[in-house]
1. Pull up segment 87-117, narrow it to residues that are within 25 Å of ASP182 (Cα to Cα) and among the β-branched types (Val, Ile, Thr), then point me to the one that is surrounded by the fewest Cβ atoms within 10 Å (Cβ to Cβ).
2. Being in contact with a helix residue (DSSP H, G or I) (Cβ under 6 Å, 6 or more places away or on another chain), at pLDDT 95 or above and crowded, with 21+ Cβ neighbours inside 10 Å, is that true of even one residue in segment 185-195?
3. Can you spot a residue in segment 233-251 that is on the phi < 0 side of the Ramachandran plot, among the basic types (Lys, Arg) and surrounded by fewer than 12 Cβ atoms within 10 Å (Cβ to Cβ)?
4. Quickly run through segment 82-111 and pick out the residues that are hydrophobic (A, V, I, L, M, F, W, C), assigned to a loop (DSSP other than H, G, I, E, B) and closer than 25 Å to LEU58 by Cβ.
5. Quick check on this structure: which one of LEU13, LEU66, LEU25 is surrounded by fewer than 20 Cβ atoms within 10 Å (Cβ to Cβ) and aliphatic (A, V, I, L, M)?
6. What are the residues in segment 129-179 that are exposed (fewer than 15 other Cβ atoms within 10 Å of the Cβ) and hydrophobic (A, V, I, L, M, F, W, C), if any?
7. Among the residues of segment 160-179, which ones are farther than 22 Å from ARG197 by Cα and either under 20 Å from the mean Cα position of the chain (by Cα) or of a type outside the set (Lys, Arg) (or both)?
8. Can you find a residue that is within 15 Å of ALA89 (Cα to Cα), out of contact with any Ser or Thr (no Cβ under 6 Å at 6 or more places or on another chain) and not hydrophobic (A, V, I, L, M, F, W, C) anywhere in segment 165-175?
Amino acid sequence: MYSILEVPYHMGLEDVAVGKGPTALLRAGVDQLLAEKSMPPQVTHIRPRDLRNQGLELVIDINRMLRYAVKDAVEQESVPVALAGNCNAALGVLAGLDTTQLGIVWFDKHADFHTPETSLNGSIEGMALAIAAGHCHQQLAERIGFGPPISDHNIVLAGVREMERGERERIETSWVSVHAWDSLALLPVALEQLKARVEAVYLHVDTDVLDVVPEVARWVGLVRETLPLAAVSVTNYNPDLDPEGDRALAIAEVIRRLAPGRVL
């Protein structure tokens with residue numbers, strides 16, 4: 001059983017740029033794709049607790065509230081699916097999970113493995129996976145309520161095409177299992193190896209990966225068939241850049257592959 005968490009924010013601002021994505025996808029009916037016995041999953045709209053917050057404080061607030069919603073879903077024996085604007089929503093989702101035996105499968109055109117020392121713009125958007133792995137911004141993670149970080153050994157990064165120099169050097173010296181956009185042949189092996197080390201995975205899909213891996217829905221289906229899902233995030237869809245709705249249809253197919261019993 002799934003539940004949907006609507007997180008319509010772009011760096012704390014509601015319904016702006018990619019923050020419009022979650023609402024647009026729900027209006028398109030993607031929640032119906034996860035229906036069981038004709039009953040669509042419950043949808044929870046995440047709202048900040050303190051509207052006086054701004055900037056990074058507001059991002060932290062939103063992720064705290066997301067953490068609580070994830071915990072509630074898990075207590076109801078439901079798999080939370082976060083439809084979010086930015087990839088930093090991964091921190092709120094992970095904070096709501098037991099991370100001690102958890103792995104990450106992260107589909108993204110970018111590695112999101114920067115630290116403040118390597119980032120050219122200082123945005124935490126390019127650091128989301130590195131934060132989850134405990135490489136930087138530990139105080140920020142603690143304020144959100146993040147538990148133990150995810151070991152590099154238990155992270156699979158797939159579809160990546162773009163990495164800046166410092167980020168590439170960091171990831172090449174890590175234990176993250178990296179599968180570039182044009183070399184996914186060994187991804188099934190990596191998933192089987194991950195299955196032997198963890199009890200479940202957090203599945204993250206930054207929809208910009210569709211630019212380089214159009215068939216990502218098939219790989220999402222493989223993840224679902226191989227490993228138990230603890231939670232899922234689908235992020236970074238801007239409907240303003242999708243006037244014909246082609247990207248929305250591709251995202252809908254990604255979400256459809258999450259449903260048990262659906263063909264790969």
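The values are calculated or read from the model by the stated rules, or taken from the named source; none is laboratory data. Given the structure is predicted, the values throughout are model-derived calculations rather than measurements. Cβ sites come from the backbone with ideal geometry, for glycine too, and all protein chains shown count toward neighbours.
1. Once the filter is applied, the top-ranked residue is ILE104.
2. Yes, segment 185-195 has at least one match.
3. So the first thing to find is which residues in segment 233-251 are on the phi < 0 side of the Ramachandran plot, and the list is 233-235, 237-244, 246-251.
Next, from what is left, pick out any that are among the basic types (Lys, Arg): 247.
If we keep only those that are surrounded by fewer than 12 Cβ atoms within 10 Å (Cβ to Cβ) too, we end up with none.
No; the residues of segment 233-251 include none that is on the phi < 0 side of the Ramachandran plot, among the basic types (Lys, Arg) and surrounded by fewer than 12 Cβ atoms within 10 Å (Cβ to Cβ).
4. Kept after step one, since they are hydrophobic (A, V, I, L, M, F, W, C), are these residues of segment 82-111: 82-84, 87, 89-91, 93-95, 97, 102, 104-107, 111.
Then keep just the ones that are assigned to a loop (DSSP other than H, G, I, E, B); that gives 87, 97, 111.
Within segment 82-111, CYS87, LEU97 meet the criteria.
5. Numbers: LEU66 fails: surrounded by fewer than 20 Cβ atoms within 10 Å (Cβ to Cβ); LEU25 fails: surrounded by fewer than 20 Cβ atoms within 10 Å (Cβ to Cβ).
Just a single option satisfies the conditions, and that option is LEU13.
6. TRP175
7. Just the residues of segment 160-179 that are farther than 22 Å from ARG197 by Cα, to begin with: 160-170.
If the condition is that a residue be farther than 22 Å from ARG197 by Cα and either under 20 Å from the mean Cα position of the chain (by Cα) or of a type outside the set (Lys, Arg) (or both), then VAL160, ARG161, GLU162, MET163, GLU164, GLY166, GLU167, GLU169 are the ones that fit.
8. Taking segment 165-175 and keeping what is within 15 Å of ALA89 (Cα to Cα), we get none.
Checking segment 165-175: not a single residue is within 15 Å of ALA89 (Cα to Cα), out of contact with any Ser or Thr (no Cβ under 6 Å at 6 or more places or on another chain) and not hydrophobic (A, V, I, L, M, F, W, C).
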